[in-house]
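Here, each number is a calculation from the coordinates, and none is a lab measurement. Note that the structure is predicted; figures quoted are calculated from it, not measured. Ideal geometry is used to build each Cβ from the backbone, glycine not excepted, and the neighbour counts take in all protein chains shown.
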Amino acid sequence: MPNNKLIFDANAILRYILDDIPEQADIVEEAIKERETLVLLEVIAEVIYILTKYYNIERKETVENIINFLNETNDKNEILRLALKTFSETDFDFVDCVLYANSNQYDIFTFDKKLNAFIHNVT
């Protein structure tokens, strides 16, 4: 018996964002309309890497595209959204942004002085 929630892999999200294979983008769009979805941080990390490194899309545009996708899926993951916002506004890599987004709920153990200062709002 299939689960009710649907998780997209990076390729599906990329097809939707890039609309480079319209037939596949349409299938993703239909799936969004028909099923409840869950968006995994790990998958978004891969999407960010591909969009910024392979397609050379700027960080802010990458985040805008991902936020648009999340809005279509009605994903309410506030940690993911804060991590994306932080990624678009800083030069930290996405994983550091995820750590920062979790710093309100958890103590983050890091030897990274820049990240530690950012988490603790030290300039």
Kindly express, to the nearest 10 degrees and within the range 0 to 90, the angle between helix 59-73's C-alpha long axis and the longest C-alpha principal axis of the chain. 50
Dipole-positive endmost among Leu41, Asn102, Pro22 within the chain (Cβ charges, Cα centre): Asn102
From the phi of every residue in the range 15-21, what ³J(HN,Hα) in whole Hz does the Karplus formula 6.51 cos²θ - 1.76 cosθ + 1.60 yield, where θ is phi - 60° and glycine or proline is x? 4, 5, 5, 7, 6, 7, 10
For the chain, the count of lysine pairs 8 or more apart or interchain whose alpha-carbon atoms are under 29 Å apart comes to 19
Using amide H atoms built in the peptide plane, which far-off residues or other-chain residues are under 5 Å from Thr37 H to H? Leu6
Residue separation times 0.36 nm, minus the C-alpha to C-alpha distance between Phe111 and Lys85: what's the value? 7.0 nm
If you fit an axis through the alpha-carbon atoms of helix 22-34 and take the longest principal axis of the Cα set of the chain, what angle between them do you get, 0 to 90°, nearest 10? 80
Mind putting a number on the dipole of the range 5-119 about its Cα centre? Charges go on the C-beta only, +1 for Lys and Arg and -1 for Asp and Glu, and I need it in Debye to the nearest 20. 420
Report, to the nearest 10°, how far helix 78-89 tilts away from the longest principal axis of the Cα atoms in the chain, using its own Cα long axis and a range of 0 to 90°. 70
Please state the shape class of the range 1-54: rounded when a/c is under 1.5, otherwise prolate if a/b exceeds b/c and oblate if not, all from the C-alpha gyration tensor. oblate
What whole number of Å gives the distance from the Cα centroid of the range 67-123 to the Cα centroid of the range 1-62? 20
Listed with the fewest Cβ neighbours within 10 Å leading, Lys33, Lys85 appear as Lys33, Lys85
